[in-house]
Amino acid sequence: MKKLKGPDFIIIGTQKGGTNSLYNYLIQHPKVAPASGKEIHYFDFNFDKKLDWYQSQFADVAPDIITGEGSPYYLYHPLVARRVCDLYPEVKLIVLLRNPAERAISHYYWEVRIGCENLSLAEAIAAESTRLAGETEKILNDGTYYSFNHQH
């Protein structure tokens, strides 16, 4: 069976968990070819695009070269696991995790810095369940639905 053009590995993991660093370390290896960018987001935000579009994000490589991408939100999006498994059942998933409290605090300060959060840390934590209410169901009901809150 011919190998479907695309990733040999996908880095999934939490935001603020080291996915950028790991991807950049991996693509320095001579046997690893980078994708067009680290975060392609095909299986979450761009799944409405044709598979050809996704495959075009990866260079044609020799059989001894591997390639991959890293989109942290793949870890959380409720439809990604099935989509990846259906198209690339042999892909290797690299999962990065971080202490959840440290990750949340780091992410909070990043959101403040880029202007997406104006609540105090305590208020933002208290608002989390309200912000996320119904988002998973909306994504499951409409695979093209984009949820900023679910992603963050």
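The table below gives the values:
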{"read-out": "The stretch 43-152: chymotrypsin sites (Phe, Trp or Tyr not before Pro) in DSSP loop, at most 11 other beta carbons within 10 Å", "value": "146"}
{"read-out": "In the stretch 53-145, GluC sites (Glu not before Pro) in a DSSP loop with at most 12 other beta-carbon atoms within 10 Å", "value": "90"}
{"read-out": "Ratio of Rg to Rh over the stretch 31-152 (Cα coordinates, Kirkwood Rh, two decimals)", "value": "1.02"}
{"read-out": "Surrounding net charge for residue 27, when Lys and Arg each add one and Asp and Glu each subtract one, Cβ distance under 11 Å", "value": "+1"}
{"read-out": "HN-Hα J in Hz across the stretch 35-50 - Karplus 6.51, -1.76, 1.60, θ = phi - 60°, x for Gly and Pro", "value": "7, 4, x, 5, 9, 7, 6, 5, 7, 10, 8, 10, 5, 6, 7, 5"}
{"read-out": "Considering only the chain, percent of DSSP beta bridges that pair antiparallel, nearest 5", "value": "10"}
{"read-out": "Top of 86, 64, 44 by mean-square fluctuation, Gaussian network on the chain, Cα under 10 Å", "value": "64"}
{"read-out": "Helix-derived mean residue ellipticity, 222 nm - over the chain, DSSP H n ≥ 4, -39500 (n - 2.57), to 500", "value": "-10500 deg cm²/dmol"}
{"read-out": "Hydrodynamic radius of the stretch 1-101 per Kirkwood, over alpha carbon pairs, in Å", "value": "13.8"}
{"read-out": "Point-to-point label distance, residue 91-residue 31, nm (Cα→Cβ direction, 7 Å offset)", "value": "2.2"}
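All of the numbers you see were taken from the coordinates with simple rules; none came from a lab. None of these values were measured; they are calculated from a predicted model. Virtual Cβ from ideal backbone geometry, glycine too; neighbours counted across all protein chains shown.
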